[in-house]
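Each remark here refers to the structure printed beneath this line.
The values are calculated or read from the model by the stated rules, or taken from the named source; none is laboratory data. Keep in mind that what you see is a predicted model, and the values were worked out from it rather than measured. Here Cβ is always computed from backbone atoms with ideal geometry, including for glycine, and neighbour counts include all displayed protein chains. Keep in mind that these areas ignore ligands, DNA and RNA; they rest on the heavy atoms of the full protein, side chains included. Shrake-Rupley method; radii C 1.70, N 1.55, O 1.52, S 1.80 Å.
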Amino acid sequence: MIMANDAARRLFGLGKADFGRPIQDLELSYRPIELRSHLDSLDRDMRPDEIKAVHWRTSDSERIFDIRMTPLTSDGVSMGTSIAYIDVTESHRLQDQLTGSNRELEQAYEELQSTNEELETMNEELRHRSEELNDVNAFLETILTTIGLAVAAVDRNQRVQIWNGNARELWGLTADEAEDENLMALDVGLPVDKLLQHIRDMLTGRSQREEVVVEATNRRGNAFTCRVRLLPLGSGGDGNVSGVIMMMEDVASSKPPE
């Protein structure tokens, strides 16, 4: 060994007495790698050599080096070899972290794709159910319209759940305007305040059928006598009632011709 800089001296614990000694007599000849075989190849081929990612475990840590060996020549004659130890521990640590992060991202992406596929499946199912519900509603609307009566249904909070086409023709409000609104708040010519107690009786189970005749005004502003029949909706064996269905008609139009 001819010379070593301060970093090499500290790394291999070299002292002044080590300079001039054969390389094979020094610990660095086999730590962190066996140098002699590489030096023989270098001397024979006269080409630089580099060994990547050499792990060297010391008493308190593990370090990683790239080792570069370069022939020193003069007029084509080998004069020696320069050996450089490049500490790449930190870059490898960062690379490992990056690899781990990429792996986690890939896993998260796969989970996200799986979640998206599940959501797409759920959306497709909801779309089919929505189409089925629309078909059922259209069928129900056809039935309610066919019976020739204005029909409305309210839930326990007296919010309108059903408002058929005949109700629209009679009172002038569309289903979009009436449904999910409180019956008492509807701006129609039906005196709903006179129906309130009957609806309450039906919701509490005190009555199973009510019929009320009131004076009302239709959507054209014409006064008429309106018959309102009330029936419980969703009544079970335990007496619970989920709402009330109201069937409304003009008394005059319901009388048989004389």
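Within segment 4-43, the residues that satisfy the criterion of being at pLDDT below 90 and aromatic (Phe, Trp, Tyr) are PHE12, TYR30. Working only within segment 1-18, note down all residues that are assigned to a helix (DSSP H, G or I), exposed (fewer than 10 other Cβ atoms within 10 Å of the Cβ) and more than 60 Å from the chain's Cα centre (by Cα). Matches in segment 1-18: LYS16, ALA17. Pairs are defined by a Cβ separation below 7 Å, a sequence spacing of at least 6 or placement on different chains, a first member in segment 60-75 that is at pLDDT 90 or above, and a second member that is surrounded by 15 or more Cβ atoms within 10 Å (Cβ to Cβ) and assigned to a loop (DSSP other than H, G, I, E, B); the pairs so defined are ILE64/VAL88; PHE65/PRO32; PHE65/VAL88; ASP66/VAL88; ILE67/ILE33.
Scanning segment 180-223 for residues that are more than 18 Å from ASP250 (Cβ to Cβ) and of a type in the set (A, V, I, L, M, F, W, C) turns up LEU183, MET184, ALA185, LEU186, LEU196, ILE199, MET202, LEU203. Scan segment 160-170 and tell me whether some residue there is of a type in the set (Lys, Arg), at pLDDT below 85, surrounded by 10 or more Cβ atoms within 10 Å (Cβ to Cβ) and part of a helix (DSSP H, G or I). Looking for residues that are of a type in the set (Lys, Arg), at pLDDT below 85, surrounded by 10 or more Cβ atoms within 10 Å (Cβ to Cβ) and part of a helix (DSSP H, G or I), one finds none in segment 160-170, hence no. Under the condition of being open to solvent by 20 Å² or more (accessible area, probe 1.4 Å) and in contact (Cβ under 8 Å) with a residue 24 or more places away in the chain, the residues counted in segment 174-185 number 2. Evaluating VAL160 against the criteria (1) touching an Asp or Glu at 6+ places or on another chain (Cβ under 7 Å); (2) within 21 Å of THR225 (Cβ to Cβ) leaves one unmet condition, (2). Residues being open to solvent by 40 Å² or more (accessible area, probe 1.4 Å) and either at pLDDT 90 or above or under 18 Å from GLU249 (Cα atoms) (or both) are represented in segment 150-158 by at least one member. Taken together, the criteria exclude LEU94 from residues that are outside any strand (DSSP E or B), open to solvent by less than 90 Å² (accessible area, probe 1.4 Å), touching a Pro at 6+ places or on another chain (Cβ under 8 Å) and over 15 Å from PHE12 (Cα atoms). Here ARG21 meets the list (1) part of a helix (DSSP H, G or I); (2) open to solvent by 40 Å² or more (accessible area, probe 1.4 Å) almost entirely, failing just condition (1). Within segment 188-220, the set of residues being in a strand (DSSP E or B) and open to solvent by less than 30 Å² (accessible area, probe 1.4 Å) comprises VAL212, VAL214, ALA216. Figure legend. Inter-residue proximity from segment 220-249: first residues at pLDDT 90 or above, second residues open to solvent by 60 Å² or more (accessible area, probe 1.4 Å) and small (Gly, Ala, Ser), beta-carbon distance below 6 Å, spacing 6+ or different chains. No pairs are indicated. The number of residues in segment 71-85 being β-branched (Val, Ile, Thr) and touching a Leu at 6+ places or on another chain (Cβ under 8 Å) comes to 2.
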